[in-house]
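Have a look at the structure below before the remarks.
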Amino acid sequence: MGNSSTSTRCASCIGIGHTLTGCRQVRVWVPRICFLGVAQEIKTGEYVNPEQSIDQAAHLLQSGKPGKAAQILKRVIQKVPSHAHAHHLYGLSLFQERQFTMAARSVGKAIALEPGNPVFRNNLGLILIADGQADKAIDTHTEAINLDPSRPDSYFHRANVYRHEGDFVRAVEDYEQVLKWDPYAVEAMSNLASVLISLFEYERAGKLLDDALVIRPGFAHAWNNLGLLRQQTDQPDEAESAFSKAIECAADFLEAHVNLGSLLMRLNRYAQAVQVFQKVLKLNPAQAFIYGNLAYCQSMLCDWSQYRQVWSRIEEQTRRGGLACGPIIFLNGSDDPVLARKLALAYTRFFVPDLAMAPFVHRPRQSTKLRIGYFSTDYREHPVATLIVGVLEQHDREQFEIYGYALNKDDGSAMRKRMHQAFDQFIDISGMADEKVVEMTREHQLDIAVDLNGYTEGCRPAIFGTRVAPVQLSYLGFPGTSGAAHFDYTVADRHIIPQDSQAFYTEQLLYMPECFQPNDDSRTLSTDKLTRGEFGLPEDAVVFCCFNKLYKLNPEVFTSWMQILQQVKGSVLWLYTEDETARQNLRREATKTGVSPERLVFAGRTEKYEHHLARYRLADLFLDTFPYTAHTTASDAMWAGLPVLTRSGQSLASRVGESLLMTLGMDELVTRTIPEFINKAVELANEGEPGSRQGFERLKSMLGKARQDSSLYDTKQYARWLELGYRMVHARASEGLSPQTLSVPR
């Protein structure tokens with residue numbers, strides 16, 4: 001059994017949930033251990049009689065002093081070995097000290113001495129789930145229910161385990177039993193609402209939370225869950241208000257702080273998110289993913305004051321198997337494929353649940369057409385859609401049936417409409433629970449399921465964890481290994497994943513003959529005559545450009561750019577950001593290096609994509625970031641005619657620029673070190689007569705020819721190669737052979 005699907009352990013009923021952009025986090029209220037007896041004040045260490053000693057031990061346990069309680073209980077057990085309550089409380093003292101095995105053994109002795117006591121069994125269940133023994137915990141709570149079916153706490157405990165393990169149907173049944181016996185049990189109302197949020201039953205969840213808050217207006221957990229409900233129903237203002245109310249009710253409520261910070265991060269309110277995440281780290285320095293979220297928000301502000309400190313902590317915790325950062329954010333600050341794989345494996349164990357569903361059984365169809373299903377949250381104006389839409393349109397309908405599964409709501413965009421039309425069947429599953437999605441897609445009898453997300457915003461990994469097709473591919477959305485055994489292949493090329501790097505991937509590789517990245521050759525550029533002046537660029541100076549998102553920028557990269565500006569007289573750097581705080585921070589960083597801040601020019605968003613592409617032509621050279629290089633942005637720039645200078649490293653994310661350039665035959669723009677990167681940019685700027693920009697014109701001419709001759713922008717050819725790859729992996733599966741690395745022939 002596994003935990004929640006759509007809430008991805010953010011809704012854990014035992015322990016503290018985590019946060020990740022795009023993931024649902026639901027708070028489940030966890031009851032305290034049940035104690036017996038009335039605590040009385042007795043001098044520590046004084047032995048009066050078993051009953052008074054038991055009361056004293058219970059008082060110490062409730063005061064968070066398990067060690068002192070254990071000393072008293074040991075003496076009771078020595079004098080009265082058959083005292084069931086002493087064994088029970090001694091087990092709870094061990095539980096508080098996280099000695100789960102010994103705790104379970106001691107409570108087990110209590111049960112043996114007094115088998116008819118349901119409290120003992122319920123507390124044993126809590127110990128077992130804390131020790132990761134969910135099945136045994138369920139059995140133990142079931143025994144408690146059988147002893148006394150009228151005890152609501154027994155159903156409540158079992159429901160929490162079911163919720164934790166992703167068995168939502170049984171969790172709902174048990175929470176409803178609690179409310180049958182106690183209609184005012186606000187904890188059960190809140191926890192049931194958390195399950196219903198995961199099941200997309202928003203209306204019922206909202207009513208439960210409203211009722212709980214009428215009964216107990218200061219119940220922080222219900223406010224937190226209400227915030228998550230409002231967030232899921234696209235009501236960010238109401239979500240922020242609810243999270244803030246939860247914190248007002250309980251100032252140190254960790255999950256509410258985490259959720260508030262994550263909401264602010266999604267709303268691009270990075271400065272406020274930074275403050276909240278710093279508060280989280282004060283409450284719990286080991287809180288999962290917060291260092292990564294903090295690093296991301298600070299990078300979007302170009303605030304590098306804590307850069308090395310934060311990334312050192314992320315890498316240190318990753319080496320120890322921790323989860324200081326999510327895999328996608330990790331790419332921004334590390335080029336170490338060993339650590340990236342380790343993080344992916346740890347993340348998959350944490351993040352990918354098993355649904356309470358029957359194992360996948362493939363039922364072959366009587367058809368020569370392969371049925372391919374593409375799953376994505378990015379059927380909208382998004383880089384993934386920009387890259388893949390042309391390939392979807394070019395798929396050979398005589399040989400393939402193409403299904404699209406939209407994990408995102410219809411945003412009304414032109415791209416959404418185009419994506420809809422690109423599929424033979426287009427299904428909006430954004431409002432369906434994972435179990436329902438799995439049931440439906442299994443009925444569709446897909447031959448191959450393609451995940452276009454990986455570990456990116458809004459991903460739903462449980463769908464693939466339970467398997468919906470005999471072959472499952474991770475493709476395009478996430479530039480790295482998934483660390484998941486349920487993905488059989490990932491699409492690659494020999495530049496992004498050379499042979500000596502295959503060990504860093506849990507998937508087998510499907511090597512494309514040329515670049516792994518698809519492109520849409522129907523993209524158009526605006527025919528409007530654009531001038532440098534209208535964008536604030538000098539007419540005759542060298543214009544270096546980088547339109548990557550700011551999270552890819554770091555102090556090392558920016559310093560190298562400033563060194564280039566220092567050596568190329570009068571040159572400017574054209575960057576993309578509309579955030580005034582980020583602009584001011586970048587100007588400040590430029591000044592620190594001795595470069596006038598006026599030499600930084602900032603671009604904003606254009607109304608139309610074709611205008612954005614066309615403005616690339618005003619620049620001379622695109623300077624890439626590292627270790628997370630330009631991907632779609634590099635394709636866009638070169639499609640528009642702007643050469644890209646890249647630095648290639650060890651990770652897939654750092655090698656995409658190399659793959660694009662090598663496919664175009666422009667390998668002179670691939671560098672390996674910072675000095676090489678700087679020297680190449682300066683060399684190109686100084687090529688030919690002073691001020692002629694001859695080096696850049698030469699490269700643009702080469703690029704124009706390569707764009708026509710290369711396969712990089714041949715969408716139809718790419719579609720044929722990808723289809724051949726699909727045939728190859730399907731053939732192996734049909735023959736009962738395990739996945740292995742394959743190369744698509746030309």
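Would you mind listing the helices (runs of 4 or more DSSP H) fully within region 651-746 where at least 1 residues are within 30 Å of ALA619 (Cβ to Cβ) and β-branched (Val, Ile, Thr)?
Helices (runs of 4 or more DSSP H) meeting the threshold: 656-664, 674-686, 715-734.
What pairs can you find where one residue is in region 413-441 and in contact (Cβ under 8 Å) with a residue 60 or more places away in the chain, the other is in a loop (DSSP other than H, G, I, E, B) and among the small types (Gly, Ala, Ser), and their Cβ atoms are less than 8 Å apart, with a gap of 6+ or different chains?
What qualifies is ALA433/SER5; ASP434/SER5; GLU435/SER5; GLU435/ALA356; THR441/ALA469.
Scan region 163-206 for residues that are of a type in the set (Phe, Trp, Tyr), assigned to a helix (DSSP H, G or I) and farther than 17 Å from PRO149 by Cβ and jot them down.
The answer is PHE168, TYR202.
So, of the residues in region 608-634 that are assigned to a loop (DSSP other than H, G, I, E, B) and small (Gly, Ala, Ser), which turns out to be surrounded by the most Cβ atoms within 10 Å (Cβ to Cβ)?
Checking each candidate, the answer is ALA619.
What number of residues in region 559-576 are in contact (Cβ under 8 Å) with a residue 60 or more places away in the chain and either surrounded by 17 or more Cβ atoms within 10 Å (Cβ to Cβ) or not assigned by TED's automatic domain parsing to the domain that holds ALA637 (or both)?
The total comes to 6.
Of a type outside the set (Lys, Arg) and either buried (at least 20 other Cβ atoms within 10 Å of the Cβ) or without any contact (Cβ under 8 Å) to a residue 40 or more places away in the chain (or both), is that true of ASN585?
no
Tell me, which residue of region 129-159 that is within 20 Å of GLN96 (Cβ to Cβ) and among the small types (Gly, Ala, Ser) is surrounded by the most Cβ atoms within 10 Å (Cβ to Cβ)?
Within region 129-159, the match that is surrounded by the most Cβ atoms within 10 Å (Cβ to Cβ) is ALA137.
When you scan region 566-573, do you find a residue that is under 30 Å from ASP520 (Cα atoms) and of a type outside the set (Val, Ile, Thr), even just one?
Checked against the condition, which is being under 30 Å from ASP520 (Cα atoms) and of a type outside the set (Val, Ile, Thr), region 566-573 yields at least one hit.
Looking only at region 594-607, decide whether some residue is crowded, with 19+ Cβ neighbours inside 10 Å, in contact with an Asp or Glu (Cβ under 8 Å, 6 or more places away or on another chain) and not assigned by TED's automatic domain parsing to the domain that holds ASP335.
no
Within region 390-431, how many residues turn out to be within 18 Å of GLY725 (Cα to Cα) and assigned to a helix (DSSP H, G or I)?
Summing the residues that are within 18 Å of GLY725 (Cα to Cα) and assigned to a helix (DSSP H, G or I) in region 390-431 gives 5.
Of the residues VAL214, VAL186, VAL119, VAL172, which is outside the structural domain of SER430 (by TED's automatic domain parsing), surrounded by fewer than 16 Cβ atoms within 10 Å (Cβ to Cβ) and either modelled with pLDDT of 95 or more or out of contact with any Phe, Trp or Tyr (no Cβ under 7 Å at 6 or more places or on another chain) (or both)?
VAL214
Can you find, within region 585-599, the residue that is nearest to GLY691 (Cα to Cα) among those that are part of a loop (DSSP other than H, G, I, E, B) and of a type in the set (Val, Ile, Thr)?
VAL595
Just give me the residues in region 530-584 being over 16 Å from VAL595 (Cβ atoms), assigned to a helix (DSSP H, G or I) and in contact with a Leu (Cβ under 7 Å, 6 or more places away or on another chain), in sequence order.
PHE535, THR581, ALA582
The values are calculated or read from the model by the stated rules, or taken from the named source; none is laboratory data. Just so it is clear, the structure is predicted and the values come from calculations on it, not from any experiment. In this analysis, Cβ positions are derived from the backbone assuming ideal geometry, glycine residues included, and neighbour counts consider all displayed protein chains.
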